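The values are calculated or read from the model by the stated rules, or taken from the named source; none is laboratory data. Predicted model, so just to flag it, every value in this text is computed and none were measured. Neighbour counts are summed over all protein chains in view; Cβ atoms, including those assigned to glycine, are modelled from backbone coordinates with ideal geometry. Side chains included, ligands, DNA and RNA excluded: accessible areas come from the protein's heavy atoms. Shrake-Rupley method; radii C 1.70, N 1.55, O 1.52, S 1.80 Å.
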Amino acid sequence: MNDISQKAEILLSSSKPVPKTYVPKLGKGDVKDKFEAMQRAREERNQRRSRDEKQRRKEQYIREREWNRRKQEIKEMLASDDEEDVSSKVEKAYVPKLTGTVKGRFAEMEKQRQEEQRKRTEEERKRRIEQDMLEKRKIQRELAKRAEQKLAGRDGVHL
């Protein structure tokens, strides 16, 4: 430390302009102490962060487990309600179709749409089959023509 203070005094007493360099101030603590304090503070922050994160994950796990338990209870209650409803539905013999209601109209429209879609796909399928048949015939004619030309070429007779 004595060496540093001597250098500081020499620099301060000279009349030359002093370059801006770090001169440790004596009495307020050593650079090493400051570094160690900063290191400890950094480690404490990291520990606190990891502890908080661990606590948050634990709470999230507990919340999810509780939520899943509630969902399971609700499913069980609904399942038991469905069993009761099934027994009451068996007693009903006839349920009239609701054609005058909006729900009935939508169901009817959906049936019509599905029927149209089915017809379109059937027509498309038939059209493709016809196209394939035409292509097959064309290919067969072409092959027959080539075979005939080969035979004619071998025999030396041109048709």
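Quickly work out the Glu36-to-Gln55 label distance, labels modelled 7 Å from Cα along the C-beta direction, and quote it in nm with one decimal.
Rounded to a tenth, the inter-label distance reads 3.0 nm.
With +1 assigned to the C-beta of every Lys and Arg and -1 to the C-beta of every Asp and Glu, and no other charges, what is the dipole magnitude of region 27-80 about the Cα centre in debye, to the nearest 20? Could the numbers behind the result be given before it?
Values: 19 positive and 12 negative charges, 16 e Å.
Computed charge dipole of region 27-80: roughly 80 debye.
Using a ≥ b ≥ c from the Cα gyration tensor of region 27-80 (square roots of the eigenvalues), is it rounded, prolate or oblate, where a/c under 1.5 gives rounded and otherwise the larger of a/b and b/c decides, a/b for prolate? Numbers along the way, then the final one.
Working: a/c = 14.22, a/b = 10.15, b/c = 1.40.
Cα axes put region 27-80 in the prolate bin.
Summarise the accessible area of region 27-80 (1.4 Å probe, protein heavy atoms) by the percent that is carbon and sulfur. Present the calculation step by step, with values, prior to reporting the outcome.
Working: 2760 of 5310 Å².
Taking all protein chains in place, region 27-80 shows 52 percent carbon and sulfur surface.
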